[in-house]
Amino acid sequence: MPREQGGGAEATDPVPVDSQDQEEKVNILVVDDRPDKLLAVETIIAELGQNIVKARSGQEALRFLLQTDVAVILLDVNMPGLDGFETAALIRQRKKSEHTPIIFLTAVSDTETHVSRGYSLGAVDYILAPVLPDVLRTKVSVFVELHKKNRQIRSLNEQLQKRIGQLTETNQALEAFTYSIAHDLRAPLRAMLGFSRALLEDYAGKLDASGQEFANRIVSSAKRMDDLIQDLLSYSRLSREQINLGPVPLEAALDEALKQCEPQVREKDAEIRMADLHSEVWAHKGVLVQMLVNLLSNSLKFVATGVKPCVRIWTEEGDAWVRLSIQDNGIGIASEHYERIFRVFERLHSTEKFPGTGIGLANVSKAAERMGGRVGVESQPNHGSRFWVELPRPSVHPHGSNSAGGG
Ligand code: ADP
């Protein structure tokens, strides 16, 4: 049943309707100083089955809008005191109602001057008297539906945010768990490694060839497991730790990474061709260097037997980004593997053929993410690979936050 809120001195304010059984209904606010016109509009739109709230003045409407959300306002233009336009202007000034649709109700004789003024105040429509019931109902029902849909979207969005919060927490707990497990696994592993080495050194005379072979296998398996755990720990650390970002000259980071890859370059007699790099990126130097070491060492490692590695490095600058490319002449990668190689433990080859743990590119991807960047690859089997990293330019962060929390 529609409720009328009086306009006299003793009138109570319109009451927002939000009880449980009316949860699905939305509020429609009708503002007119004349009770007969209010009743006429109310009769027409009652069929929509929503909560109709009536106000007899602009002030009363504004008071109601302070506390309650409405789907649409039907606002009479000619009212004593605050007229419809002044009321609309005040409605628009408030954050809560700045986007609430307003339909002006006006007499045909006023149309000329009213229409343009009303639209400039953000009216969504005009209804001229005498009101055609079907037209009014249809127009109001459009806004009712729109409001309901918006409400649904808001509620879905809230649920989604809540879910994201829960997932982030679970993720952090899992990462903490992985970290402590990996950390704790290293102690017994070191004991296995130490004792099997002692066996080989101190009891070599007492072990026959098979015994020595078994002990050697224990040593190499324990070493491999230690490598895996160490890489996993570094991935976990990269995900969890706070890193401070700032401007880093790319050339300096690359020089440092190349220095770390020097033994591999020498061993393979590799050729490194580096373009002049003058760009700076917004990054963490240590994390960036480690990322480049991973990419460079892969480009030196995944090369067919007998082929001398040749690695080309260059940059391209966008408005907001610097893209660094590392191109090799290696064995290449089929496009169906482009995504999966960036995941933890994903490898395309046996460790006998190409040693490794399968965590390097996961680290590269996590590092890029933590520094607000992206990574990708373009490659074809037997035609080399080009791995690229895009990082923000420092100019995009003139006074921005300079750290990235874990997660
Ligand atoms: P790892 O190097 O320890 O195997 P990564 O995570 O660095 O692990 O790489 C994952 C897989 O992606 C590698 O095992 C290899 O199959 C493929 N890959 C990475 N870099 C290259 C490259 N430059 N050329 C060809 N394959 C590559």
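The values are calculated or read from the model by the stated rules, or taken from the named source; none is laboratory data. Treat the numbers as computed from the prediction; the structure is a model and nothing was measured. Note that each Cβ is placed from the backbone with ideal geometry, even for glycine, and that neighbours are counted across all protein chains shown.
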Selection from segment 284-318 of residues that are assigned to a loop (DSSP other than H, G, I, E, B), more than 16 Å from the ligand (Cβ to nearest atom) and either within 19 Å of Glu241 (Cβ to Cβ) or of a type in the set (S, T, N, Q) (or both): His284
When residues of segment 352-372 are limited to those that are more than 8 Å from the ligand (Cβ to nearest atom) and in contact (Cβ under 8 Å) with a residue 60 or more places away in the chain, the one farthest from Lys301 (Cα to Cα): Gly372
Evaluation of Leu228 against (1) assigned by TED's automatic domain parsing to the domain that holds Asp328; (2) in contact (Cβ under 8 Å) with a residue 60 or more places away in the chain; (3) within 25 Å of Gly356 (Cβ to Cβ); (4) not aromatic (Phe, Trp, Tyr) (one fails), failing number: (1)
Conditions (1) loosely packed, with under 14 Cβ neighbours inside 10 Å; (2) more than 18 Å from Ala191 (Cα to Cα); (3) not assigned by TED's automatic domain parsing to the domain that holds Leu296: number failed by Lys223: (2)
Breaking point among (1) over 31 Å from the mean Cα position of the chain (by Cα); (2) over 25 Å from Phe345 (Cα atoms); (3) not polar (S, T, N, Q), for Ile313: (1)
Every residue from segment 324-351 that is hydroxyl-bearing (Ser, Thr, Tyr) and either at pLDDT below 90 or near the ligand (Cβ under 6 Å from one of its atoms) (or both): Ser350, Thr351
